[in-house]
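The values are calculated or read from the model by the stated rules, or taken from the named source; none is laboratory data. The shown structure was predicted, so the numbers you read here are calculated from the model rather than taken from an experiment. Please note: Cβ atoms are built from the backbone with ideal geometry, for glycine as well, and neighbour counts cover all protein chains shown.
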Amino acid sequence: MKKAKDPGLGSTFVKPVRRLMNEDGSYNIIRKGKLNGFKDFYKFLIDANYLVFSAFLVGSFILLNLIFTSAYLLVGVDGISGISSEMNPFANAFFFSAQTFTTVGYGALHPTNNAISFIAVAESFVGLLSFAIATGLLYGRFSKPSLKIAFSKNIILTPFENEKAVMFKIVNQRNNVLLNTKVNAIVTLDTGNGATGFNKEYFDLKLETDQVNFFPLTWTLVHLVNKDSPLYELSLDELQKRHIEIIILIETFDETFSQTIFQKHSYGSTQWLENVRFERNFEANEKGQVELNVRDLNRVTSVN
């Protein structure tokens, strides 16, 4: 059993740390003094969910038009030809602003004096820049490579080949081709009693198979708990008391993006099950095709 180097998550703490990485692969770290909000606005917009991103685009469009609408009202809408007498000045100015901002220009509304013309020129320029930025953000979001590998909800400790083994399952949720998929797993355990601090020990978790050329089905990763294992002769209760955590890094080549991409995951001490096995979730049908049920990834049965 050989210890592994700290992978960059820290090894000595004043207080106990139950988990270094969250289940979704994000770090369990509160960063103070980091770049956020407007200081790192591009990253925020690229990573934001589509509801937030859409709200930002719509809100920005309305806000910029309201600013220019106010400018038109300030100099007077009399300088806009074709305004409707049936609408109030605000509505006339706002619709003129929207047409100028988007460069639609239906022709019914147009400036007739210098003040309105100068504001319209400025708004056209801002509109062109805004749509260019929005297009770039949309492209950045759609072209950003990402993996959609699902992990079994639980990691299990189960009898295997007259010994015990640690197992977890993964499956690609997308119908794309992943090649040369590699899995690296690290286990971390608490050591010491707290008198000299709370330390983390890292060990490489050797997997029976850590690489496959093709990954179209589910893949059950197996670590045999033998004399060479850092988990040898440790019960599940002991492992949980030592805040065991399995940290996983997946590397694969995605043919869709033609790039090597990565995904992180973590199993904490509360996600362990004992004396169960994963149920098989793919089989051949009558036509000789393999049917894979992705939703059955988490199904387990008791080991008699």
As an exercise: evaluate His223 against (1) over 20 Å from Leu297 (Cβ atoms); (2) surrounded by 14 or more Cβ atoms within 10 Å (Cβ to Cβ); (3) not basic (Lys, Arg) and give the number of the one condition it does not meet.
(1)
Selection from segment 246-304 of residues that are within 15 Å of Thr220 (Cα to Cα), of a type in the set (Lys, Arg) and touching a residue at least 24 places away in the same chain (Cβ under 8 Å):
Arg277
When segment 122-159 is examined, which residues are found to be under 23 Å from the mean Cα position of the chain (by Cα) and among the aliphatic types (A, V, I, L, M)?
Ile133, Ala134, Leu137, Leu138, Leu147, Ile149, Ala150, Ile155
Could you look through segment 43-75, keep only residues that are more than 33 Å from the chain's Cα centre (by Cα) and without any contact (Cβ under 8 Å) to a residue 24 or more places away in the chain, and pick out the one that is surrounded by the most Cβ atoms within 10 Å (Cβ to Cβ)?
Leu73
Mind checking which residues of segment 99-121 are part of a helix (DSSP H, G or I), in contact (Cβ under 8 Å) with a residue 12 or more places away in the chain and within 42 Å of the chain's Cα centre (by Cα)?
Thr100, Phe101, Ile119, Ala120
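Go through segment 56-75 and count every residue that is among the β-branched types (Val, Ile, Thr) and in contact with a helix residue (DSSP H, G or I) (Cβ under 8 Å, 6 or more places away or on another chain).
Restricting attention to segment 56-75, the residues satisfying the condition of being among the β-branched types (Val, Ile, Thr) are 58, 62, 67, 69, 75.
Now restrict to residues that are in contact with a helix residue (DSSP H, G or I) (Cβ under 8 Å, 6 or more places away or on another chain): 69, 75.
Result for segment 56-75: 2.
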Mind listing just one residue for me: the one in segment 23-42 that is under 26 Å from Leu137 (Cβ atoms) and at pLDDT 85 or above and, of those, surrounded by the most Cβ atoms within 10 Å (Cβ to Cβ)?
Gly25
Does segment 130-141 contain at least one residue that is among the small types (Gly, Ala, Ser), within 30 Å of Phe44 (Cα to Cα) and assigned to a strand (DSSP E or B)?
no
Out of everything in segment 94-108 that is farther than 16 Å from Gly76 by Cα and in contact with a Ser or Thr (Cβ under 7 Å, 6 or more places away or on another chain), what residue ends up being surrounded by the most Cβ atoms within 10 Å (Cβ to Cβ)?
Thr100
Scan segment 215-229 and give yes if some residue there is without any contact (Cβ under 8 Å) to a residue 40 or more places away in the chain, closer than 21 Å to Phe278 by Cβ and not in a strand (DSSP E or B), otherwise no.
no
From the list Phe90, Phe168, pick out the single residue that is touching a residue at least 60 places away in the same chain (Cβ under 8 Å) and either surrounded by 13 or more Cβ atoms within 10 Å (Cβ to Cβ) or not assigned by TED's automatic domain parsing to the domain that holds Phe61 (or both).
Phe168
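Based on what the data block shows, is Asp204 of a type outside the set (Val, Ile, Thr), surrounded by 12 or more Cβ atoms within 10 Å (Cβ to Cβ) and modelled with pLDDT under 90? Walk me through how you get there before you give the answer.
On the way: of a type outside the set (Val, Ile, Thr): yes; surrounded by 12 or more Cβ atoms within 10 Å (Cβ to Cβ): yes; modelled with pLDDT under 90: no.
No, not satisfied.
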